[in-house]
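Undergrad: This structure is in structure tokens; I'll ask about it shortly.
The values are calculated or read from the model by the stated rules, or taken from the named source; none is laboratory data. Fair warning: this is a prediction, and the values are worked out from it, not measured in the lab. Positions of Cβ are generated from backbone atoms using ideal geometry, with glycine treated the same way; all protein chains shown enter the neighbour counts.
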Amino acid sequence: MKVAGIRTFVVGNPNPGEGGRYFLFLKLVTDDGIEGLGEVYTATFGPHVVERMIVDVAERHVVGRDPFRIEALWRDVYSAGYTARPDLSLGAVLSGIEMALWDIIGKAVGRPVYDLLGGRVRDALRSYTYLYGEPGDAVDVYRDPDLAASRAAEYAARGFTAVKFDPVGAYAAHDPRQPELVTIERTERYVAAMREAVGSSCDLLLGTHGQFTTSGAIRLARRLERYDPLWFEEPVPPEAPEEMAKVAAATSIPIATGERLVSKHELARVLDTGAASILQINLGRVGGILEGKKIAALAEVRYAQIAPHLYCGPVVGAANIQLATCTPNFLILEGIRDWGGFHAEILRQPIVWQDGHVIPPTGPGLGVELDEAVAARHPYEGDALHLETQPGEYRDTAR
């Protein structure tokens with residue numbers, strides 16, 4: 001069996017656009033007709049530039065090769081052009097191709113990917129969602145603690161046992177910053193209202209997108225400890241795990257990071273420095289499924305856990321599910337609400353979510369298939385980035 005070709009899909013994510021502006025899917029096709037599905041998660045270039053990158057990498061290194069030789073193919077791509085170091089965009093392209101190879105292998109042998117990586121250790125995977133606004137909201141849910149608390153209580157009533165939110169304001173190009181006192185006080189009121197609304201039935205996951213200096217993150221964490229969040233996510237930018245480790249040492253709140261990191265090498269630094277005990281690897285960026293399994297093993301020997309990240313499409317979500325199903329030190333899975341909406345529409349058979357948990361699929365490979373007719377109806381023809389950072393310096397105007 002050889003990889004014979006590649007197809008790409010740049011799919012626009014219709015309103016409300018939860019998960020980003022568009023999704024980047026690919027299919028590898030073998031000479032005997034097996035199709036492997038993958039997804040690339042990169043936000044640093046326009047989608048059609050990334051699409052050309054995907055094709056270039058695949059045609060240089062993958063087409064004509066045996067899809068079972070994932071380790072060799074991975075090293076060839078990772079080392080291309082005498083780079084051989086973590087690279088965010090190449091890592092994303094490699095990730096999407098690698099998960100498509102696993103999809104081919106699983107289909108070739110008639111088994112889910114998790115059966116090829118140690119086998120199932122869980123029958124259901126705990127999941128969480130971000131807190132989202134609704135069309136009828138009169139105010140921004142991230143500026144109104146009472147509305148946020150009510151929305152969190154609704155999520156808990158539907159079965160969620162964890163909800164994530166970022167109440168401290170937009171991330172900006174000049175971050176990290178020292179938070180203003182009004183920001184700290186408003187954030188504390190917000191978290192307090194959320195905790196009162198859900199009690200102990202629902203974990204609170206505090207996301208901050210690396211917005212603070214080390215001392216600023218410590219100041220905020222000390223105000224929030226009494227509300228017992230499950231984690232404090234990216235309290236400082238992820239590029240300096242030694243600084244994040246200072247935050248971890250100064251608070252009882254577990255630190256989570258990883259969505260912007262690539263490869264076992266960068267995640268090993270997080271573990272070695274004590275920067276975080278929860279690794280939020282995104283399998284559409286970190287290096288793929290096997291790289292995720294290696295990172296999980298590094299975490300396991302340090303009693304750290306993985307909480308796969310998802311702010312893109314459902315194929316990365318499907319890869320996350322495969323890894324989580326066969327990983328003993330899995331903690332919780334990110335989803336976009338309950339995996340419905342466009343994330344369900346773009347798949348031939350939606351991912352199953354029940355009572356706050358994802359039920360792993362039993363089909364071969366990744367267990368999902370792209371609905372190409374839906375993809376064709378939603379082409380993305382713009383050139384905006386998947387996510388945008390506020391330019392310049394952030395100022396808190398909620399006074």
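Residues are listed down the side, and each one gets a yes or a no for (1) over 23 Å from the mean Cα position of the chain (by Cα); (2) aliphatic (A, V, I, L, M):
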site	(1), (2)
Val10	no, yes
Glu18	no, no
Glu35	yes, no
Gly38	no, no
Tyr41	no, no
Gly81	yes, no
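Residue-by-condition table, conditions (1) assigned by TED's automatic domain parsing to the domain that holds Glu154; (2) touching a residue at least 60 places away in the same chain (Cβ under 8 Å); (3) aliphatic (A, V, I, L, M); (4) crowded, with 22+ Cβ neighbours inside 10 Å:
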position: Gly317; (1), (2), (3), (4): yes, no, no, yes
position: Gln322; (1), (2), (3), (4): yes, yes, no, yes
position: Gly341; (1), (2), (3), (4): yes, yes, no, no
position: Pro350; (1), (2), (3), (4): yes, no, no, no
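Undergrad: Quick one: is Ser95 of a type in the set (S, T, N, Q), in a helix (DSSP H, G or I) and touching a residue at least 24 places away in the same chain (Cβ under 8 Å)?
TA: yes
Undergrad: Pick from Ala299, Ala248, Ala268: which is more than 20 Å from Glu180 (Cα to Cα) and surrounded by fewer than 18 Cβ atoms within 10 Å (Cβ to Cβ)?
TA: From the options Ala299, Ala248, Ala268, the qualifying one is Ala268.
Undergrad: Please tell me if Ser150 is in a helix (DSSP H, G or I), more than 24 Å from the chain's Cα centre (by Cα), modelled with pLDDT of 95 or more and in the same structural domain as Val358 (by TED's automatic domain parsing).
TA: In short, yes.
Undergrad: For the range 179-197, how many residues meet the condition of being surrounded by 13 or more Cβ atoms within 10 Å (Cβ to Cβ) and without any contact (Cβ under 8 Å) to a residue 40 or more places away in the chain?
TA: Residues in the range 179-197 being surrounded by 13 or more Cβ atoms within 10 Å (Cβ to Cβ) and without any contact (Cβ under 8 Å) to a residue 40 or more places away in the chain: 5 in total.
Undergrad: Considering the range 181-200 alone, what residues qualify as being among the polar types (S, T, N, Q) and either outside any loop (DSSP other than H, G, I, E, B) or at pLDDT below 95 (or both)?
TA: Listed by number, the residues that qualify are Thr183, Thr187.
Undergrad: To continue, here is another question. Here is a list of conditions, (1) in a loop (DSSP other than H, G, I, E, B); (2) farther than 19 Å from Leu24 by Cβ, and Leu310 meets all of them except one; can you say which number that is?
TA: All conditions pass for Leu310, except number (2).
Undergrad: Turning to a different aspect of this structure: Which residues, taken from the range 201-226, are in a helix (DSSP H, G or I) and not small (Gly, Ala, Ser)?
TA: Passing the criteria: Thr214, Ile218, Arg219, Leu220, Arg222, Arg223, Leu224, Glu225, Arg226.
Undergrad: Name the residues in the range 22-60 that are out of contact with any strand residue (DSSP E or B) (no Cβ under 7 Å at 6 or more places or on another chain), surrounded by fewer than 19 Cβ atoms within 10 Å (Cβ to Cβ), in a loop (DSSP other than H, G, I, E, B) and not aromatic (Phe, Trp, Tyr), would you?
TA: Asp32, Gly33, Thr44, Gly46
Undergrad: While we're here: Report, by residue number, each residue of the range 127-147 that is touching a residue at least 24 places away in the same chain (Cβ under 8 Å) and either part of a helix (DSSP H, G or I) or among the charged types (D, E, K, R) (or both).
TA: Hits for the range 127-147 are Arg143, Pro145, Asp146.
Undergrad: If a residue has to be touching a Pro at 6+ places or on another chain (Cβ under 9 Å) and part of a loop (DSSP other than H, G, I, E, B) to count, how many in the range 236-272 make the cut?
TA: Total meeting the criteria: 10.
Undergrad: Then there's this: Taking interchain pairs and intrachain pairs at least six residues apart, which have beta carbon atoms under 9 angstrom, with the first residue in the range 113-124 and farther than 24 Å from Ala100 by Cβ and the second part of a loop (DSSP other than H, G, I, E, B) and among the hydrophobic types (A, V, I, L, M, F, W, C)?
TA: Filtered contacts from the range 113-124: Val121/Cys326; Arg122/Cys326.
Undergrad: Also, quick follow-up: Within the group Asp103, Asp144, Asp175, which residue is at negative phi, outside the structural domain of Ala197 (by TED's automatic domain parsing) and surrounded by 16 or more Cβ atoms within 10 Å (Cβ to Cβ)?
TA: Every option except Asp103 fails the conditions.
Undergrad: Return the residues of the range 1-21 that are part of a strand (DSSP E or B) and in contact (Cβ under 8 Å) with a residue 24 or more places away in the chain; say none if nothing qualifies.
TA: Once the filter is applied, which keeps residues that are part of a strand (DSSP E or B) and in contact (Cβ under 8 Å) with a residue 24 or more places away in the chain, the range 1-21 yields Val3, Ala4, Gly5, Ile6, Thr8, Phe9, Val10, Val11, Gly12.
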